[in-house]
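The values are calculated or read from the model by the stated rules, or taken from the named source; none is laboratory data. Nothing here was measured: the structure is a model prediction, and the numbers come from that model. Every residue, glycine among them, receives a Cβ derived from its backbone with ideal geometry; neighbour counts consider all protein chains shown. The protein model used for the area step is the full one, side chains on, heavy atoms only, and it has no ligands, DNA or RNA in it. Shrake-Rupley method; radii C 1.70, N 1.55, O 1.52, S 1.80 Å.
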Amino acid sequence: MALMVSVVLLTCNREKAMEKKPANISVLFVCLGNICRSPAAEGILRHFAEKEGISLDIASCGLGDWHLGS
């Protein structure tokens with residue numbers, strides 16, 4: 001997960017993100033249930049993106065719904 005966050009941050013050009021019309025960059029983390037891995041990855045990337053001043057649309061989702069309501 002840390003490697004994925006590092007790769008995304010390294011591939012984002014900070015100057016490009018600070019331009020008047022930055023490219024919309026969206027990142028979606030997907031895991032099986034969206035109760036642990038992908039929400040954690042979303043939070044970590046959101047933290048580092050805000051720290052670096054990079055504007056990203058970040059979300060997480062899961063493939064299964066068997067745990068809904070529990």
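Of all residues in the stretch 2-9, none satisfies being at pLDDT 90 or above, assigned to a helix (DSSP H, G or I) and either open to solvent by less than 50 Å² (accessible area, probe 1.4 Å) or in contact with a helix residue (DSSP H, G or I) (Cβ under 6 Å, 6 or more places away or on another chain) (or both). Residues in the stretch 36-67 that are hydrophobic (A, V, I, L, M, F, W, C) and touching a Ser or Thr at 6+ places or on another chain (Cβ under 8 Å): ALA41, ALA49, LEU56, ILE58, ALA59, CYS61.
The sole residue among GLY43, GLY64, GLY33, GLY69 that is of a type outside the set (Val, Ile, Thr), part of a loop (DSSP other than H, G, I, E, B) and without any contact (Cβ under 8 Å) to a residue 12 or more places away in the chain is GLY69.
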